[in-house]
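Contents: one structure, followed by commentary.
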Amino acid sequence: MKSILITGASSGIGRATAEVFLNAGWRVGLVARRGDQLEAVAAGQENALVLPADVTDAEAMRGVFDRFGPIDVLFNNAGVFGPSAPIDEVPLDDWAQVLAVNLNGMFITARLAFAAMRAQGGGRIINNGSLSAHVPRPGSVCYTTTKHAVTGLTKALSLDGRALNIACGQIDIGNAETPMVSMLKDQNPGMAAMDVAHAARSVLHMAELPLDANVQFMTVMATQMPYIGRG
């Protein structure tokens with residue numbers, strides 16, 4: 001049975017992805033801070049393992065990997081949006097928190113996965129980027145900066161993992177219908193969105209490839225989003 005560890009699995013894209021993989025017969029490790037919500041995802045699923053942890057806590061995450069065991073795929077997904085404001089209105093504590101989760105947490109988790117995959121002879125890491133890894137929304141300096149950095153992490157892991165049979169790719173998702181996007185839609189009536197299941201199934205496609213094939217970057221988004229073009 002193939003195995004995947006998913007961070008940020010308690011809600012949004014992480015939860016939807018966990019449900020898709022469980023339905024596809026994978027062994028799924030569910031990681032997030034909110035253990036009660038992870039229990040809800042795992043309810044009735046014998047192949048789900050609840051692993052409450054904060055991705056910014058390196059020792060807690062080491063414990064997660066020790067408990068989970070052999071890992072075929074990591075979906076490095078946990079992230080926060082942070083304040084919506086121009087840079088001079090962003091408190092430094094909020095900037096530090098977004099960096100801690102979106103960048104340090106991704107680095108900590110990828111580092112542990114890379115070591116485990118090197119020891120076992122291979123594996124796959126899928127990082128959750130965003131359309132913000134390419135173009136920002138107004139007032140998203142914290143989130144956008146970290147998502148650009150995730151692209152650099154993906155490229156570095158792809159290069160360093162090449163000789164070790166470790167594939168790394170990135171999925172950049174635009175306006176999947178999650179609680180965060182629903183909040184943005186409330187602020188922007190008429191904003192285009194898509195079913196989050198489309199994003200989750202895209203991650204499954206990337207994960208099911210043999211290790212001699214890799215989706216380096218995938219963009220999946222609501223068709224009507226104003227991503228292509230210029231004013």
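Quick notes on this structure:
- Separation of the residue 137 and residue 57 label points, Cα + 7 Å toward Cβ, nm: 2.9
- Segment 140-231, relative contact order in percent, only Cα pairs under 8 angstrom and at least six apart counted: 33
- About its Cα centre, segment 3-221 has a charge dipole of approximately 480 debye under the convention of +1 per Lys or Arg Cβ and -1 per Asp or Glu Cβ, with nothing else charged.
- Each label point was placed 7 Å from the Cα along the Cα-to-Cβ direction; for residue 212 and residue 184 their separation is 3.9 nm.
- Distance between the C-alpha centres of segment 134-206 and segment 1-50: 19 Å, rounded to the whole angstrom.
- Mean separation of Cα contacts under 8 Å, 6 or more apart, over the residue count of segment 124-184: relative contact order %: 45
- With the simple spin-label model, which puts each label point 7 Å out from Cα in the Cβ direction, the residue 97 to residue 197 separation comes to 3.4 nm.
- Counting beta carbons within 10 Å around each of 217, 21 and listing the fewest first gives the order 217, 21.
- Values (1) 84, 47, 24; (2) 57, 41, 41; (3) 49, 39, 35 are given for comparison; Cα extents along the principal axes in Å, derived from the coordinates here, is the one labelled (3).
- Kirkwood hydrodynamic radius over Cα pairs of segment 128-189, then Stokes diffusion coefficient at 25 °C and 0.890 mPa s, in µm²/s: 189
- Computed E for residue 40/residue 205 - FRET, C-beta separation, R0 25 angstrom, nearest 0.05: 0.45
- Computed over the chain: relative contact order in percent, which uses C-alpha pairs under 8 Å that are six or more apart: 19
- Net charge, residue 132 excluded, C-beta distance under 12 Å - Lys, Arg +1, Asp, Glu -1: +1
- Peptide packing: for 159-171, 3-15, the average count of neighbouring Cβ atoms within 10 Å per residue gives the ranking 3-15, 159-171, highest mean first.
- Residue exposure sequence - 95, 26 - by fewest surrounding Cβ within 10 Å: 95, 26
- Computed over neighbours whose Cβ is under 14 Å from that of residue 157, the net charge equals +4, Lys and Arg +1, Asp and Glu -1.
- For segment 63-77, backbone nitrogen atoms closer than 19 Å to the point 7 Å from residue 165 Cα along Cα-to-C-beta are found at 69-74.
- For the peptides 30-41, 203-214, 124-135, the ranking by packing is 124-135, 30-41, 203-214, with the highest mean count of neighbouring Cβ atoms within 10 Å listed first.
- In terms of surrounding Cβ atoms within a 10 Å radius of their Cβ, 178, 154, 223 rank from fewest to most as 223, 178, 154.
- Computed with the Debye formula from one identical point scatterer per Cα of segment 34-130, without solvent, the log10 of I(q)/I(0) at q = 0.12, 0.16, 0.26 Å⁻¹ comes to -0.47, -0.78, -1.40.
- With helices as the sole contributors, the chain gives -13000 deg cm²/dmol at 222 nm; each DSSP H run of n ≥ 4 counts as -39500 (n - 2.57), and the sum is divided by every residue.
Each value in this text was obtained by applying a stated rule to the coordinates, not by laboratory testing. The shown structure was predicted, so the numbers you read here are calculated from the model rather than taken from an experiment. Cβ coordinates were reconstructed from backbone atoms using ideal geometry, including for glycine residues, and neighbour counts include every protein chain displayed.
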